[in-house]
1. Please work out, to two decimal places, the log10 of the ratio I(q)/I(0) at q = 0.15, 0.19, 0.20, 0.25 Å⁻¹ from a Debye calculation in which every Cα of the stretch 1-41 carries one identical scatterer.
2. Could you work out the Rg to Rh ratio of the stretch 3-78, with Rh taken as the Kirkwood radius (inverse of the mean 1/r over all Cα pairs)?
3. Do any GluC sites (Glu not before Pro) in the stretch 107-137 lie in a DSSP loop with no more than 12 other beta carbon atoms within 10 Å, and if so, which?
4. Checking the cross-link filter: which lysines have an alpha carbon closer than 25 Å to that of Lys74, excluding same-chain neighbours under 8 positions apart?
5. Out of the total accessible area of the chain (probe 1.4 Å, heavy atoms of protein only), what percent is carbon and sulfur?
6. Summing +1 for each Lys or Arg and -1 for each Asp or Glu, what net charge is found among the other residues whose Cβ lies under 12 Å from the Cβ of Pro130?
7. Relative contact order for the chain: what percent, with Cα pairs under 8 Å and sequence separation of 6 or more?
8. Which whole number of Å³ per residue matches the convex hull of the alpha-carbon atoms in the chain?
Amino acid sequence: MSEAIIKELIKKSLEAKNQAYCPYSKFRVGAAVLTSTDKTFQGCNVENACYNLGLCAERTAMVKAVSEGCSTFKAIAIASDMKEEFISPCGACRQFMREFGTKWDVYMTKPDGKYIKMTVEELLPRSFGPEDLTEEKMTK
């Protein structure tokens, strides 16, 4: 993927962060996912007073894409306000990403646009996925 496309994806994740609804944690996160058809979908974190019902930015962006008929991804960029650390997807988001394959890129960023890239497979090695449901199983 070209550096220009990566920078644009990161820019869109930074923009999405501005829509975050995070009255409890005050921890804004934005994401932008690039589909195999080069469409981009943005998402932000949405918190809830019942804490475990909140939704992460990564899942918001991916659900928007899937709801629009796009379920094959090239990359996702994630942005936050952390200055010193690259934002990393939580375990639930890693597993959610895994549902859609292991060979696509995750760009973890800082507010200044610097990033590190890893694949879903690198973030969640030896993972459980849809193909595991079709594996032969023991019988009683």
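1. The computed values of log10 I(q)/I(0) come out as -0.41, -0.58, -0.62, -0.81.
2. Numbers: Rg = 12.4 Å, Rh = 12.3 Å.
That ratio is 1.01, to two decimals.
3. Hits after loop and neighbour filter: Glu135, Glu136.
4. Lys7, Lys11, Lys12, Lys17, Lys39, Lys64, Lys103, Lys110, Lys114, Lys117
5. Details: 4540 of 8260 Å².
Answer for the chain: carbon and sulfur cover 55 percent of the accessible area.
6. Details: positive: Arg98; negative: Glu99, Glu131, Asp132, Glu135.
That sum, taken over residues with Cβ under 12 Å, equals -3.
7. Reported as a whole number, the value is 19 percent.
8. Details: hull volume 18.5 nm³, N = 140.
So the per-residue Cα hull volume is 132 Å³.
The values are calculated or read from the model by the stated rules, or taken from the named source; none is laboratory data. What you see is a predicted model; the values in this text were computed from it and never measured. Backbone-built Cβ (ideal geometry, glycine too); neighbour counts: all protein chains shown. Note: areas computed on protein heavy atoms with side chains; ligands, DNA, RNA excluded. Shrake-Rupley method; radii C 1.70, N 1.55, O 1.52, S 1.80 Å.
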